[in-house]
Structure formats: C-alpha cells, structure tokens
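The values are calculated or read from the model by the stated rules, or taken from the named source; none is laboratory data. Everything numeric here is computed off the predicted structure, so don't read it as measured data. Counting neighbours? That spans all protein chains shown, and the Cβs are built from the backbone with ideal geometry, glycine included.
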Amino acid sequence: MNKTISTNVIRAIILFLAQIVVFKQITFSLGGMAFIHFLIYPMVILLMPIKTPRPVLLLTAFTFGLGLDMFYDSIGIHAAALVFTAYFRNLVIAFIEPVEGYNMNDVPTIKNMGLGWFVTYTSILLLFHIFVYFSIEAFSFVYIFEIFLNSIFSFIISFIVIIILQFLIRTKY
Amino acid sequence: MYNVIQLIVKYGAHLLFVVLQVICFSLIINYNKAQKDIFVNSSNVFAGKVADQQTKIVQFANLKSQNDSLMRENANLIENIIKIEYSSDNIPASDSLLNQYRLIPSNIINSTINLSNNHFTLNKGSRHGIQPDMGVIASHKGLLGVVRNVSENFAHVISLLHSQTKISCAVKGRKGHGTLMWKNMDPLRMNLESIPKHEFIAVGDTVITSGYSTMFPKGLLVGKVEKFVIPPGSNSYSITVKLFNDLTNAQYAYVIQNIFGSEQLLLEKEVGNE
C-alpha cells in the first residue's frame, strides 16, 4: 500500500516536470489552423489504481491541475478539465470491465490489463479530457470547429506518446 | 444532522466534484482575461435579451397611451397644415383666423361600411367639445364624414358612404367647385358633380375640400380624379374620385371644431330670413 502511494507520488512529480519542462515547449502548428499540444499529464489520473476512491482522484486532479496551470498561465483550466476526467474515470472503468472483473490491487497498465483494454481505456478518457480542455480554453462553442480540430490532432499525438511511454517505463504499482 | 452526514458519505464524491468544478470555473473566470471577456459578454448578451423582451412587453402595454399622444400630436400637425393653407392667402390673416380650426382626436368604436347609408360612432362627445355638423377626417389626407348627433360621451357620424352626403369640393389648381356625393356603392370611390364643363380638368388631378362650408377647412386632400364624363345634355362634369383613404378600415378620427362656425351660420341664417 505504501509502495502504491510512493509510486504514484513519484510518477506524478515526474510527469509534472516532464509536462512543464519538455512537452509544454513543443507545440506544432498545422497550417495555422490547428495547434497540437502534447497533453500527457492525464496519465497521473489514468494510472492510479483501479479501486482508488473517487474523492482521492478528484483532489489529486485538482491539485495537479492547479499546479500545472501556474506554469501554463491559465489558472483553473487544466484543473477543471482534469477534475472532469477524474470524475468520469470510474464510469469508464465500470463500462469496459472485463468478464472476470477487476482485482483489488489492479493498476491500469498494459502489463496488467492487456493492450486492448488499455487502448480503449486511455483513448476514451484522453479524448474526453482533451476535448473538455479545449472547450474550456475556448470557453464558447462559437469556436466548435477549432475545438474539434485541436482536440483530434492533439489527441493523436498525445496518445502515441502515452503508449510509447507505457512500453518504455514499466511500473509494478 | 445524522442525515446530513449520511448524505455526505453517500454522495461525497459527487459533491466534491461539483465543489471543485465551481472553484475551477470561478478561478478561470477571475484570472483569465479571454475567458472572462467571453463570460462577461455572454452574460451581457443574455441580460440584454431579457431587458429587450421586457421592454417589448412594457411597450405593448403602453401602446394605447402612446397612440393617444401620437394622435394628439397628429391633430396639432394637421391644424398647422390648415393654418398654412389660410396664411398663404393674400389678405394677412389675424391670429384669431389662424386658430379658427381645432382638432379633437378620437377613436372609431363602431362602424358600418356596406349599407347604402353608412354611419359610425366615435368615443368622444359633447363633453369633449363635439357638436353636430362638424366635419370628421381620418388625417390630412382623407375625409370620413359629418357629425349628426352627439351624446355626452359619443358622437354619431354620417359616413362619406351615405346617400345624403354632400360635401363641397374643388379640384386643386383648377377653378370651380362641386359637390362630392356617393352614388355607386363602392367604398373606395365617390362622385364629384356640378363642376361646370367649361373648366378644364384632367385625370389624376387632386380633389380637395373647397372650404365653402363650416364643416371642413379648405385644402384637405380627398382623392384623385380617376375618370370624368360629361353626361349628354348636362352643363357639368360627372367625375369619379378615387379616395385617398380606405373607409372600411378606419380606426382613428379627428373631429374638426370650427370655432367661428356657429357665428357664420347665424349670419347666413339672418340673410336667408330676409
């Protein structure tokens, strides 16, 4: 149990640093229309153990998001999107539950749950997160076309990076 | 208290979610200029729409009083037009002459249009200064009739569309005058008789009141000459006049009060009695 907590805290710190030091600096522009952001930090929430209580998820998401916002100069936007994702994580997990169910100590990684499950799980929540993020950033559905464009391209890039990271770094908890 | 705690235990996560989202959004709106602008503007647009609807409803409720004030204003304007008509005379007009005509705005509350003798009723009567034999007009452009009877609050008016209507009219810019009558049961057309046939008139000429009566001042526009014939053996034209106004849907009326009308009638009566 202690190992779970320490693993998650360390992962959160590493992801936080990676996001603000590395991935924040890389932004592609696609013909001046879509802006591709690398948003890999939702992994903090995605990789927490399956049976994590919801309040813990929400509070983690809130603090992590606010910390990120301080570096992105967008107080509240990442926090709001990440809290949304944390709230709906349990719904998605229940929705794609395998036939044999989950174990108490399952961690949603490729190693534990298999590639197929992980891809479904990550793509649903990541797309949701990115869409919510861009919607809140635009703050008005007048820009619905730009929101969709940004979401789709950013999702593809971030998703690829997350899968690669999963293969590179394997954690037990 | 116990229930409250139970509720928090049961729905704590959802509650926490809502609370965190409220915090996030208040942060977003307070600390991000772009989002704040959009939020403020949208709420402005929303508030503007609500205020707009409210104004519309209030305006609708005020339509009646607004109409009344507009009619009063119209009455003043038509009075001015009549004044101008008289002030262009060669004889300099005295102030009393300029103010010879006053208009009393009123509403038509009952009317017939498709009988051979049509009448209508106004919602103002002797209390407001209306007397029998006053002229009634729809605007500067269009006559309505002549008051026949008045009660304290209502006036009964003989419409133009009445077999007994006889109004002295002239053709603008031409000499001679005739009598406007209603013969052909068409609510849009009347007949102008007894303009002598040696005068020249043309189709399209404007027919105006001649001012040779106490009912109507001169120069009110009545209609246009649509066609004219000289009946065989007659000395005068028979002119069909297309009226400017449609009497079938008249709603508002101005009663013309001729302040010196009774004086004029009295004088003429004395001459007639001799």
When region A:64-94 is checked residue by residue, the ones that are free of Cβ contacts under 8 Å to residues at least 24 places away in the same chain and more than 12 Å from chain B (Cβ to nearest Cβ) are A:Ala94
Worksheet item: What about A:Ser74, is it over 25 Å from A:Ser6 (Cα atoms), crowded, with 18+ Cβ neighbours inside 10 Å and among the polar types (S, T, N, Q)?
Response: yes
Exception for A:Asn8 within (1) within 11 Å of chain B (Cβ to nearest Cβ); (2) surrounded by 17 or more Cβ atoms within 10 Å (Cβ to Cβ); (3) not in a loop (DSSP other than H, G, I, E, B) falls at (1)
Taking region B:214-227 and keeping residues more than 23 Å from B:Phe154 (Cα to Cα) and surrounded by fewer than 20 Cβ atoms within 10 Å (Cβ to Cβ) leaves B:Lys218, B:Gly219, B:Lys224, B:Glu226, B:Lys227
Note: among B:Ile38, B:Ile5, B:Ile78, just one is touching a residue at least 40 places away in the same chain (Cβ under 8 Å) and of a type in the set (A, V, I, L, M, F, W, C), namely B:Ile78
Restricted to region A:53-63 and to residues being more than 7 Å from every other protein chain (Cβ to nearest Cβ) and free of Cβ contacts under 8 Å to residues at least 40 places away in the same chain, the residue farthest from the chain's Cα centre (by Cα) is A:Pro53
Counting only residues that are among the aliphatic types (A, V, I, L, M), surrounded by fewer than 15 Cβ atoms within 10 Å (Cβ to Cβ) and closer than 17 Å to A:Leu66 by Cβ, region B:19-46 contains a total of 2
(Q) Criterion first (β-branched (Val, Ile, Thr), at the interface with chain A (Cβ under 9 Å from one of its Cβ atoms) and over 60 Å from the mean Cα position of the chain (by Cα)) does B:Ile8 satisfy it? (A) no
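Here is a check on your reading of the model: is B:Ile230 in the same structural domain as B:Met134 (by TED's automatic domain parsing) and over 24 Å from the mean Cα position of the chain (by Cα)?
yes
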Exercise for review: For A:Phe64, state whether it is exposed (fewer than 15 other Cβ atoms within 10 Å of the Cβ) and touching a helix residue (DSSP H, G or I) at 6+ places or on another chain (Cβ under 7 Å).
Suggested key: no
Looking across region B:253-274 at residues that are in contact with a strand residue (DSSP E or B) (Cβ under 7 Å, 6 or more places away or on another chain) and not hydrophobic (A, V, I, L, M, F, W, C), the single one that is farthest from B:Gly211 (Cα to Cα) is B:Tyr254
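Please find, among A:Ser140, A:Ser154, A:Ser135, the residue that is under 27 Å from B:Cys24 (Cα atoms), under 14 Å from the mean Cα position of the chain (by Cα) and not charged (D, E, K, R).
A:Ser154
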Criterion first (surrounded by fewer than 22 Cβ atoms within 10 Å (Cβ to Cβ) and not small (Gly, Ala, Ser)) does A:Val83 satisfy it? no
Note on region B:177-214: residues aliphatic (A, V, I, L, M) and either part of a strand (DSSP E or B) or not assigned by TED's automatic domain parsing to the domain that holds B:Gly142 (or both) are B:Leu180, B:Met181, B:Met190, B:Leu192, B:Ile195, B:Val207, B:Ile208
* For A:Phe148, are the conditions met, namely being away from every other protein chain (no Cβ under 14 Å), closer than 22 Å to A:Phe28 by Cα and surrounded by 16 or more Cβ atoms within 10 Å (Cβ to Cβ)? -> no
- Message: Residues that are within 14 Å of chain A (Cβ to nearest Cβ), part of a helix (DSSP H, G or I) and farther than 30 Å from B:Pro217 by Cβ: does region B:49-67 have at least one?
- Response: no
Of the residues in region B:121-134, those that are within 10 Å of B:Ala253 (Cβ to Cβ), touching a residue at least 60 places away in the same chain (Cβ under 8 Å) and not basic (Lys, Arg) come to B:Leu122
From the option list B:Asn110, B:Asn118, B:Asn114, B:Asn90, single residue qualifying as at pLDDT 80 or above, more than 21 Å from the chain's Cα centre (by Cα) and not in a helix (DSSP H, G or I) is B:Asn114
Result of the Cβ filter at 8 Å on region A:135-147, keeping first residues that are of a type in the set (D, E, K, R) and partners that are surrounded by fewer than 20 Cβ atoms within 10 Å (Cβ to Cβ), at least 6 apart or interchain, is A:Glu146/A:Met33; A:Glu146/A:Ala34; A:Glu146/A:Ala138
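Residues that are among the hydroxyl-bearing types (Ser, Thr, Tyr) and within 11 Å of chain B (Cβ to nearest Cβ): does region A:95-106 have at least one?
No - not one qualifying residue is present in region A:95-106.
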Scanning region B:14-40 residue by residue, those at the interface with chain A (Cβ under 7 Å from one of its Cβ atoms) and under 23 Å from A:Leu58 (Cα atoms) turn out to be B:Leu16, B:Phe17, B:Leu20, B:Gln21, B:Cys24, B:Phe25, B:Leu27, B:Ile28, B:Tyr31, B:Asn32
Residue set A:Phe62, A:Phe28, A:Phe35, A:Phe23; condition out of contact with any Phe, Trp or Tyr (no Cβ under 9 Å at 6 or more places or on another chain) and either among the charged types (D, E, K, R) or within 30 Å of A:Phe145 (Cα to Cα) (or both); output residue A:Phe62
Only unsatisfied item for B:Glu85, checking (1) within 14 Å of chain A (Cβ to nearest Cβ); (2) under 57 Å from the mean Cα position of the chain (by Cα), is (1)
